[in-house]
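*Asks:* Just dropping this structure here.
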Amino acid sequence: MDRRDFLKSASVLSLGALAGCSFSKEGAEAVAPAVGDKQLGLQIYSLGPEMYAGDLAQNFQKLAGMGIKKLELAGYDPKSRKIGGVELMEFKEKAEAAGLSIVSSHVNPPALFGGEAGKETRDGSDGQFSTDKKDDILEQFKTISEDHVKLGCKYLIQPMMPVVGVNSEDECKAFAEILNATGEAVKSFGLQFGYHNHNMEFCYPGKERLMGDIFTRPKEGKMLIDIFMENTDPANVCWELDIYWAIMGQQDPVELLTKFADRIPALHVKDRCILGDSGMVNYQKIFDKFFANGMTDYFIEIEDTESGKQMERLEASTNFLNSCDFVK
Ligand code: MG
């Protein structure tokens, strides 16, 4: 699909698609629609430090007031076994007191990414993938699973591919094989293991995999995401589709929800910033297809977590979703 076709694609360009929705732009006077029984979820990464600023219990109440019902965690530390520095059970009790349930969690075990002292990335590793670490990875996931069972979670999600070492078809298959084994281990705890995409998975195998590279690399063979999906067992690994990153990878989320209808039980609902503001995401078609697939778990995500305005942006985003008839 070339860029022109891509922009014509129904679920990407949303002219007219926002009929029936009213939404407020950042900084504008907001008239909040009624908060109903929609099952809004939130990836708490969206709030950055604002999640923990002031009183955590009150922050959860604020989220509930916006209509948030489900949480997806980010920031679980396998070493301290805390979430954002807060004891797990304290976090759970405060969330549940506000009527929020913990449904999912993004976990990035250092072993999966190799790890080398002194060369740490933000996920606490050197970004190198190594199959030699398989036993360590599975061992780490035992502890991780035990903790997430206590939290009442349904999903454990691997948030990305290692930055280095998953480029060729064989490397992608090796990564898929480790995730298969992880998914099987995680399943024995009653949890569903999944993978969350960015845009890099929609490029073609090559020597290096860089942001934006997909636009210039020759499109030969299969995309990494297709190799990955073909080589993971649906019983062990599901896909949490990030619709914004799929669009950044020149994909149509509705086509993906059609092709992988039974493998995408969860969505990251996202835009450039506030949901609904860019006009480039056709939320109606995406939600319609997702619900038609029989799926129900979706999580709002907003980047730029250091802005200091994340709570405000979340409120504008929930106002948008609460005003959309097609959101359930
Ligand atoms: Mg995401």
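*Asks:* I'd like the full set of residues that are within 16 Å of the ligand (Cβ to nearest atom), part of a helix (DSSP H, G or I) and not aromatic (Phe, Trp, Tyr), limited to the stretch 162-207.
*Replies:* 200, 201
*Asks:* Out of the stretch 39-78, which residues are assigned to a strand (DSSP E or B), over 24 Å from residue 320 (Cβ atoms) and open to solvent by 40 Å² or more (accessible area, probe 1.4 Å)?
*Replies:* Result: 77, single match.
*Asks:* Now, a different point. Quick one: which residue in 266, 235 is free of Cβ contacts under 8 Å to residues at least 60 places away in the same chain and farther than 20 Å from residue 165 by Cβ?
*Replies:* Just a single option satisfies the conditions, and that option is 235.
*Asks:* Now a separate question. For residue 118, are the conditions met, namely being at pLDDT below 95, in contact with a Gly (Cβ under 7 Å, 6 or more places away or on another chain) and open to solvent by 30 Å² or more (accessible area, probe 1.4 Å)?
*Replies:* No: the conditions fail for residue 118.
*Asks:* Cβ-Cβ below 7 Å, separation at least six or inter-chain, first residue in the stretch 240-261 and more than 14 Å from the ligand (Cβ to nearest atom) and at pLDDT 95 or above, second charged (D, E, K, R) and open to solvent by 10 Å² or more (accessible area, probe 1.4 Å): which pairs?
*Replies:* 254/285; 254/289; 257/289; 258/289
*Asks:* Then there is this: From the residues in the stretch 291-328 that are within 15 Å of the ligand (Cβ to nearest atom) and among the acidic types (Asp, Glu), which one is most open to solvent (accessible area, probe 1.4 Å)?
*Replies:* 304
*Asks:* Checking the structure you have, find out if any residue of the stretch 53-71 is among the charged types (D, E, K, R), out of contact with any strand residue (DSSP E or B) (no Cβ under 9 Å at 6 or more places or on another chain) and modelled with pLDDT under 95.
*Replies:* No: zero hits.
*Asks:* Moving on to the next point. Can you tell me which residues in the stretch 153-179 are open to solvent by less than 50 Å² (accessible area, probe 1.4 Å) and either within 19 Å of the chain's Cα centre (by Cα) or modelled with pLDDT of 95 or more (or both)?
*Replies:* Answer for the stretch 153-179, where residues must be open to solvent by less than 50 Å² (accessible area, probe 1.4 Å) and either within 19 Å of the chain's Cα centre (by Cα) or modelled with pLDDT of 95 or more (or both): 153, 155, 156, 157, 158, 159, 160, 161, 162, 175, 176, 179.
The values are calculated or read from the model by the stated rules, or taken from the named source; none is laboratory data. Because the structure is predicted, anything quoted here is derived from the model rather than measured. Neighbour counts are summed over all protein chains in view; Cβ atoms, including those assigned to glycine, are modelled from backbone coordinates with ideal geometry. Note: accessible area is taken over every heavy atom of the protein model, side chains too, but ligands, DNA and RNA are not part of it. Shrake-Rupley method; radii C 1.70, N 1.55, O 1.52, S 1.80 Å.
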